[in-house]
1. Starting from residues that are part of a helix (DSSP H, G or I) and polar (S, T, N, Q), keep the ones in segment 11-42 and report whichever is surrounded by the most Cβ atoms within 10 Å (Cβ to Cβ).
2. Name the residues in segment 116-127 that are farther than 17 Å from Val190 by Cβ and either aliphatic (A, V, I, L, M) or near ligand 1 (Cβ under 10 Å from one of its atoms) (or both), would you?
3. Among the residues of segment 60-110, write down those that are at pLDDT below 95 and either within 12 Å of ligand 1 (Cβ to nearest atom) or within 23 Å of the chain's Cα centre (by Cα) (or both).
4. Just the residues that are in contact with a Pro (Cβ under 9 Å, 6 or more places away or on another chain) and more than 16 Å from ligand 2 (Cβ to nearest atom), please, taken from segment 154-165.
5. Could you say whether any residue in segment 52-71 is over 21 Å from Leu195 (Cβ atoms), within 16 Å of ligand 2 (Cβ to nearest atom) and in a helix (DSSP H, G or I)?
6. Do you know which of the residues in segment 174-184 that are at pLDDT 95 or above, of a type outside the set (A, V, I, L, M) and in a loop (DSSP other than H, G, I, E, B) is surrounded by the fewest Cβ atoms within 10 Å (Cβ to Cβ)?
7. Sort out which residues of segment 185-230 are aromatic (Phe, Trp, Tyr) and either in a strand (DSSP E or B) or free of Cβ contacts under 8 Å to residues at least 60 places away in the same chain (or both), and write them in order of number.
Amino acid sequence: MVTHIEQIGEASLSRAKAILEEGGAVAFPTETVYGLGADARNDAAVAGIYRIKGRPSDNPLIVHVHKDYDIEKLVYDDRPYAKKLREAFLPGPLTLVYRSCGAVCGRVSCGLDTLAVRVPSHEGAQRFLRYVDMPVAAPSANISKHISPVSAEHVYEDLNGRIELILDGGRCSGGIESTVCDVTGEYPVVLRSGLVSAEMIAEVAGRCEIYVPKSGEQVRSPGMKYKHYAPKCSTKLFDASKVQLAVDEFKKLTAKGMNVYVLCEEDVKAFFPKEKVLDLGESEREMAANLYELLHEGERLADILIAVEPKKKDGIMAGVINRLTKACAEE
Ligand code: AMP
Ligand code: MG
């Protein structure tokens with residue numbers, strides 16, 4: 001199969017719609033990362049997404065809709081605070097998990113009685129979703145466990161030959177996946193951190209908890225148990241308080257003849273040779289926006305990537321640290 005990268009326009013959208021109607025999958029840009037979308041009502045199409053990505057079959061998908069779509073066609077919207085969250089943050093990088101009313105095929109949620117719904121703010125994503133006029137199930141457009149794609153070229157690297165069409169909407173501005181927030185209970189619970197922080201949600205809803213699985217409990221967001229976002233090169237992660245250990249490791253590996261790069265925040269980069277630093281930047285938003293781009297660059301350049309965890313851990317950084325930790329995890 002030949003994979004085409006096309007700018008978003010009448011011709012490419014019409015082609016995308018035909019592919020989805022035939023049960024195929026199309027990659028499209030969002031403000032977080034690129035998604036791999038298929039018709040959420042078509043079981044074979046949804047199965048195709050899992051096959052293309054090599055995604056574990058118990059990791060549910062998020063359904064994407066345009067901003068005027070009536071979500072009550074898909075879910076029971078029975079919590080007043082959920083409306084407040086939609087008004088405050090949507091369209092945008094916040095996915096809400098509702099009780100499903102069974103309108104999409106069961107495979108989207110892997111048999112759970114809930115459904116995750118997202119309304120992306122990216123203009124190209126909105127155009128695409130409005131044009132195809134269907135609920136689109138979409139995980140990130142990468143091979144499972146690899147770094148999420150933040151450009152059409154990243155999608156091509158992973159999915160070349162596996163899909164027909166990548167809609168090109170430039171580099172994603174947000175950089176990490178949406179926050180996933182369960183709105184089925186009395187108060188919102190963050191299942192996956194992202195650009196809309198738990199603190200921001202609490203401000204609007206009055207209360208918000210961050211889900212931490214108890215040992216032995218079945219995880220509420222199945223995707224969280226897997227290694228994820230990983231570059232193909234080796235990685236080593238150091239805490240911000242252990243910069244000296246990272247410096248020692250850098251010297252040791254370099255002396256062995258290895259090509260070592262360091263991924264770190266602005267404040268820490270002076271400890272390493274300038275040409276070996278992949279600079280995450282300074283502000284929380286910059287670090288989120290740069291993370292996957294730099295992990296992609298790291299795997300291209302380095303034998304081994306040393307990552308120094310940024311100092312700040314809360315707010316948006318909870319999401320950045322979560323992705324970085326998983327990217328550098330053993331398995
Ligand atoms: P990805 O599509 O790779 O960005 O991952 C989607 C994330 O949303 C994963 O962490 C899933 O576990 C989570 N998710 C999707 N649907 C549900 C659901 N119905 N309940 C809980 N988590 C969900
Ligand atoms: Mg993913």
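1. To start, the set of residues in segment 11-42 that are part of a helix (DSSP H, G or I) comprises 11-21.
Checking the rest, the ones that are also polar (S, T, N, Q) come to 12, 14.
Values: Ser12: 21, Ser14: 12.
Checking each candidate, the answer is Ser12.
2. So in segment 116-127, the residues farther than 17 Å from Val190 by Cβ come out as 119-127.
Listed by number, the residues that qualify are Val119, Ala125.
3. none
4. Taking segment 154-165 as the starting set, the residues that turn out to be in contact with a Pro (Cβ under 9 Å, 6 or more places away or on another chain) are 155-159.
Passing the criteria: only Tyr156.
5. yes
6. Thr184
7. First, the residues of segment 185-230 that are aromatic (Phe, Trp, Tyr): 187, 211, 226, 229.
Of everything in segment 185-230, just one residue is aromatic (Phe, Trp, Tyr) and either in a strand (DSSP E or B) or free of Cβ contacts under 8 Å to residues at least 60 places away in the same chain (or both), namely Tyr211.
One line per residue, one yes/no per condition, for (1) free of Cβ contacts under 8 Å to residues at least 24 places away in the same chain; (2) under 23 Å from Asp77 (Cα atoms); (3) within 15 Å of ligand 2 (Cβ to nearest atom):
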site: Gln126; (1), (2), (3): no, yes, no
site: Arg130; (1), (2), (3): no, yes, no
site: Pro135; (1), (2), (3): no, yes, no
site: Ala141; (1), (2), (3): no, no, yes
site: Lys145; (1), (2), (3): no, no, yes
site: Pro149; (1), (2), (3): no, no, yes
site: Ala152; (1), (2), (3): no, no, no
site: Val180; (1), (2), (3): no, yes, yes
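The values are calculated or read from the model by the stated rules, or taken from the named source; none is laboratory data. Please read these numbers as outputs of a predicted model, since none were measured by experiment. All Cβ positions, even for glycine, are placed from backbone atoms using ideal geometry, and neighbour counts span all protein chains on display.
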